[in-house]
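Data block below; observations after.
The values are calculated or read from the model by the stated rules, or taken from the named source; none is laboratory data. Keep in mind the model is a prediction, meaning the values are calculated, not measured. Reconstructed Cβ throughout: ideal geometry from the backbone, glycine too, with neighbour counts over all protein chains shown. Note: accessible area is taken over every heavy atom of the protein model, side chains too, but ligands, DNA and RNA are not part of it. Shrake-Rupley method; radii C 1.70, N 1.55, O 1.52, S 1.80 Å.
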Amino acid sequence: MELRDIEIFLTLARELHFGRTAEQLHVSAARVSQAIKKQERAIGAELFHRDSRKVSLTPAGIRLRDDLTPIYRDLQASMERARLAGRGKTDVLRIGMLSSNAQDLRPIMDEFAVRHPGYEPQFRTIHFGDPFGPLREGRVDVAILWLPVLEPDLTVGPVAYIDSIVLAMAATHRLAGRTSVSLEDLGDEVVMGGAKPAYWREALVPLRTPSGRLIRIGPIVSSNEEMLPILSTGEAVSPGHGHAMRYYTRPDIAYVPIDDAPPAQMALVWRTGAESAVTRAFAEVVHDLGPLSP
């Protein structure tokens, strides 16, 4: 198997979705399908069950995934160490983020570079449909997630920044012209779901309004990119973080502050069993600077 084919297989084994796999790897869905069929011919067995509703691993696929995962990680680590050595660096810090507002962290990154010039920070996108998976799978070293995070195998570190809460909606929505809305207004709307686990989602998207009315959950999404077309058509609305007003500006989408929603605290989180010197160094910088705000 070629290295690219291994990457395609492992990504599909994780995502179980041909379209998302193709999007992540910047290839066509046909290329993903061709690579999997090639592997199945070479092995002589199906690696995935496919039907119109879902994709799942076969026993042969599970075996191959479990065997290839540590080998592929070792290959990636070896290439990364060589690349870093060529640039005079000694280690890398992979930072998982739910959004694309890396610029908001610039004071932290600048201070980190001054204190630890041998480390190279790299940003990785994670999705709110599986916010803890990349940490547990070793794809990122730390993640920046809204609180609370109540996972026994994860450590919650210092708060990196604090953000307001807004309601995102179509620009033609009846609430779009307001200067603010309230959590009670969500009782009259269809709100997107998809963030997991439930307790973590409810910190941003409550199940009920303050008066006790049930909030209707509509389309299920796992990333900001999936939200945008649903917002645009007016099919549903969604609470979100205030930085969206700057990083996801579109003429067909409006953002209105939710005046009674508590601000979101975005904190560092890492897998307790994988804590390292670079993780501690980054957490120390965040702690010393204190929470940033837009």
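At-a-glance table
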read-out	value
Candidates Arg73, Arg31, filtered to the one that is of a type in the set (Lys, Arg) and within 24 Å of the chain's Cα centre (by Cα)	Arg73
Failed condition for Thr249, given (1) at pLDDT below 95; (2) in a helix (DSSP H, G or I); (3) among the β-branched types (Val, Ile, Thr)	(2)
Search result, residues across the range 1-34 that are among the charged types (D, E, K, R) and either in contact with a His (Cβ under 8 Å, 6 or more places away or on another chain) or farther than 18 Å from Arg65 by Cβ (or both)	Glu23, Arg31
Residue check for Ala198: of a type outside the set (Asp, Glu), closer than 22 Å to Pro294 by Cβ and modelled with pLDDT under 95	no
Matching residues in the range 1-28 - criterion: being in contact with a strand residue (DSSP E or B) (Cβ under 9 Å, 6 or more places away or on another chain) and at positive phi	Leu16
Members of the range 168-195 found to be under 25 Å from the mean Cα position of the chain (by Cα) and open to solvent by less than 30 Å² (accessible area, probe 1.4 Å), listed by number	Ala168, Met169, Ala170, Leu186, Val191, Met192, Gly193, Gly194, Ala195
Neighbours by Cβ (under 8 Å, 6+ apart or cross-chain): first from the range 221-240, more than 23 Å from Ser180 (Cβ to Cβ) and β-branched (Val, Ile, Thr); second open to solvent by less than 40 Å² (accessible area, probe 1.4 Å) and assigned to a helix (DSSP H, G or I)	Val221/Met227; Val221/Ile230
Single match in Met97, Met109 (criterion: closer than 27 Å to Tyr72 by Cα and at pLDDT 90 or above)	Met97
Selection status of Gln76, at pLDDT 90 or above and either on the phi < 0 side of the Ramachandran plot or among the charged types (D, E, K, R) (or both)	no
Qualifying residue in the range 114-126 (condition: surrounded by fewer than 18 Cβ atoms within 10 Å (Cβ to Cβ), farther than 30 Å from Glu189 by Cα and free of Cβ contacts under 8 Å to residues at least 12 places away in the same chain)	yes
Of all residues in the range 257-280 being in a helix (DSSP H, G or I) and touching a strand residue (DSSP E or B) at 6+ places or on another chain (Cβ under 7 Å), the one that is surrounded by the fewest Cβ atoms within 10 Å (Cβ to Cβ)	Thr272
Scan of the range 196-227 for residues that are touching a Lys or Arg at 6+ places or on another chain (Cβ under 7 Å) and open to solvent by less than 40 Å² (accessible area, probe 1.4 Å), ordered by number	Ile215
